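The structure under discussion appears below in the form of structure tokens.
The values are calculated or read from the model by the stated rules, or taken from the named source; none is laboratory data. Please read these numbers as outputs of a predicted model, since none were measured by experiment. A quick note on method: Cβ atoms are made from the backbone with ideal geometry, for glycine too, and the neighbour counts reach across all protein chains shown.
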Amino acid sequence: MYGLVRLAAKSIDDYRSVSSNEEIEQLRKIAEDLKGARVLHLSITEFGTGVAELLRAVVPLMSDLGLDCQWQVVRSADEFISVNRAMYSALGGIYTPWTREMSDIWLKYNNDNVGLFDEEYDFVIVHDPQAAALLSCFMQREGRKPTGSWVWHCHMDLSDAQVEVWHLLSSRVESYDRLVFDMEEYVPPGLRERVQFVLPAIDPCCPKNMELPRETIKAVLGQYGLNLARPIVCQISPFDHWHDPVGLIEAYQAIKGDVPGLQLVLIASMVSEDPEVGAYYQRVAQYCQQDPDLFVLSSLNNVGNIEMNAFQRASNIVVQKSLRKGFALWLSEALWKERPVIGAKVGGIPYQIIPERTGYLIESTGECAERMLYLLQHPEVAMRMGGEGKRHVAQNFLITRYLRDYLSLLAGI
């Protein structure tokens, strides 16, 4: 037994306000053939990642639909943390020195966790690359495959993965019954067998996305010194070079003279213990000392899901100025709140932004500034895009669609 994540119960009927009755009944119909099936979701953490947010909705909803569903977190230790972080970077296309010793530590980490696998399941879904060797390690130790079907769900873009690290990982995922990626573009060259795709989604009923009274939004902004009556641009993302908060600051500085009272809010989606990321955070935070209308916030300022919700709803525009491929589901959260969005033409962002309808795709800091200025000066266009955006998310990026895709995946196996 790993670390069991205990979750509050959810009812699929609570989603009738955001999904059609037809969609809810379709979910019940697909789940009928899976009733009683034991399902285990395994991840490396229960907080601070997109995977964790998805599982907080998916696991209790699967249970409500009749599956015996659990979420457990594999055990870790200090020596594995730096290796896991390095593996994540290397698989994401960032060159990272990788040694034989690091491979050995990664395999030891997976082997240690095999000893804790002490129950039988109909489906085991491993959600992170760092734990992907569990199945092969089990087979080596026991001389057989464990009962049930095994799924490896990779939520990363591996198209530019570092060769030696992907070679290590690929040799360990060959025995899985299914390999799941967010998009076809994320699949490494040469890997096509047993691959299926499930686009990520948001939970419209969770604290980060639920409706908020205007009084609550105003109170949250006031707590951090922002004025709801003045225009706001917001970005929520990790604070690192690849999400380019400095580039967004430059775009904001280029137009603030044309938009009286403009405020920019940068929120770190999570605070990393990585010294390099911490140094970048401090670099971004220094801009606040020179500009009282620039706000750099994070969990260190007690910014949680309700606060992020309030900032997105208060914003005139939500931006995602990424330089590196990623899905950036924060944009779907903003679109659900009827905010127009501006995002870089990378990763999963073009799936969420319909150019000229729900927002704009950009390729440079200058183009970002130009689009921001246009939307701030044309609020009627921004309002129309916000409405289109909510409809787009309702049709494509809600947790009910994600759940349907996942249930269909399991039923297909």
Could you say whether any residue in the stretch 73-87 is among the aliphatic types (A, V, I, L, M) and surrounded by fewer than 17 Cβ atoms within 10 Å (Cβ to Cβ)? yes
Total residues in the stretch 43-80, condition aliphatic (A, V, I, L, M), closer than 18 Å to Tyr402 by Cβ and in contact (Cβ under 8 Å) with a residue 24 or more places away in the chain: 10
Looking at the structure I just gave you, is Gly257 at positive phi and more than 19 Å from the chain's Cα centre (by Cα)? no
Which condition does Thr45 not pass, out of (1) among the hydroxyl-bearing types (Ser, Thr, Tyr); (2) touching a strand residue (DSSP E or B) at 6+ places or on another chain (Cβ under 7 Å); (3) part of a helix (DSSP H, G or I), if it passes all the others? (3)
Would you call Arg85 among the charged types (D, E, K, R), modelled with pLDDT of 90 or more and within 27 Å of Gly326 (Cβ to Cβ)? no
Report whether or not Gly190 is surrounded by fewer than 18 Cβ atoms within 10 Å (Cβ to Cβ), in a loop (DSSP other than H, G, I, E, B) and in the same structural domain as Gly343 (by TED's automatic domain parsing). no
When every residue in the stretch 333-380 that is of a type in the set (Val, Ile, Thr) and part of a loop (DSSP other than H, G, I, E, B) is compared, the one farthest from Val393 (Cα to Cα) is Val346
Of the conditions (1) modelled with pLDDT of 90 or more; (2) surrounded by 18 or more Cβ atoms within 10 Å (Cβ to Cβ); (3) touching a Phe, Trp or Tyr at 6+ places or on another chain (Cβ under 8 Å), Tyr15 satisfies every one except a single condition; which number is it? (3)
Residues in the stretch 179-208 that are farther than 17 Å from Asp157 by Cβ and either in contact (Cβ under 8 Å) with a residue 60 or more places away in the chain or not basic (Lys, Arg) (or both) total 9
Within the group Gly93, Gly66, which residue is buried (at least 16 other Cβ atoms within 10 Å of the Cβ), in contact with an Asp or Glu (Cβ under 9 Å, 6 or more places away or on another chain) and part of a loop (DSSP other than H, G, I, E, B)? Gly93
Can you pull out the residues in the stretch 121-174 that are over 26 Å from Gly50 (Cβ atoms) and either touching a residue at least 40 places away in the same chain (Cβ under 8 Å) or touching a Leu at 6+ places or on another chain (Cβ under 6 Å) (or both)? Glu164
Within the stretch 345-361, restricting attention to residues that are aliphatic (A, V, I, L, M) and touching a strand residue (DSSP E or B) at 6+ places or on another chain (Cβ under 6 Å), which residue is surrounded by the fewest Cβ atoms within 10 Å (Cβ to Cβ)? Leu361
Condition first: over 19 Å from Arg100 (Cα atoms), not hydroxyl-bearing (Ser, Thr, Tyr) and not in a loop (DSSP other than H, G, I, E, B). Can you find one or more residues in the stretch 154-174 that meet it? yes
